[in-house]
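Reviewing the structure listed below.
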Amino acid sequence: MKYDNDIELTPEEEKAIRMLKKLEKQWPKSLWLFSASGSLNVMRCDENGEQVMQPNADGGGVDQNYVITTIDIPNDGGDW
């Protein structure tokens, strides 16, 4: 499998990436992923297919009432 850089992968790593690529093709539009403090949260979209934010004085944040489950895969939601 060709990737964007020259990092060598183990067969296990290649398999995990293939599984994620397959999942990407099947992922329902009604769900989205949110990374918070190292937790990968599966979130439901609202009835309009939008990510739901909670307004507050600090500018809002993700509405935690829409969390379906948390997946224990290491992640980070920071920017480059």
Return the residues of the stretch 1-39 that are closer than 20 Å to Thr69 by Cα and in contact with a Phe, Trp or Tyr (Cβ under 8 Å, 6 or more places away or on another chain); say none if nothing qualifies. none
Taking Asp58 as the residue in question, decide whether it is at pLDDT below 95, more than 28 Å from Glu13 (Cβ to Cβ) and exposed (fewer than 10 other Cβ atoms within 10 Å of the Cβ). yes
Single unsatisfied condition, Met53 versus (1) surrounded by 11 or more Cβ atoms within 10 Å (Cβ to Cβ); (2) among the aliphatic types (A, V, I, L, M); (3) within 15 Å of the chain's Cα centre (by Cα): (3)
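The values are calculated or read from the model by the stated rules, or taken from the named source; none is laboratory data. These numbers come from a predicted model, not from an experiment. Note: ideal-geometry Cβ built from the backbone for every residue, glycine included; neighbour counts use all protein chains shown.
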